[in-house]
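Chemist: Quick one: structure below, then a few questions.
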């Protein structure tokens, strides 16, 4: 799964004050290893450096192939 700018996602990070909230991806930064981190904005602020594993796509956003293997 990957996210693009302006996608909506739910943050899952128990150390963040925005844990469980839905926000909008405002920036995607790829490091030299090809891994992306994200800046996600919420009504009350933003979280930077968020790894992809801490984000969950809101229905209709991002490329989610996890259902393709279900029979």
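Chemist: Checking residue 36 against (1) at pLDDT 90 or above; (2) out of contact with any helix residue (DSSP H, G or I) (no Cβ under 7 Å at 6 or more places or on another chain): exactly one of these is not met. Which one?
Modeler: Failing condition for residue 36: (2).
Chemist: Let me ask you something else. So residue 46 fits all but one of (1) under 20 Å from residue 59 (Cα atoms); (2) modelled with pLDDT of 95 or more; what number is the exception?
Modeler: Exception for residue 46: condition (1).
The values are calculated or read from the model by the stated rules, or taken from the named source; none is laboratory data. Only a predicted model underlies this, so the values are computations on that prediction, with no experimental measurement involved. Every residue, glycine as well, gets a Cβ built from its backbone with ideal geometry; the counts of neighbours run over all protein chains shown.
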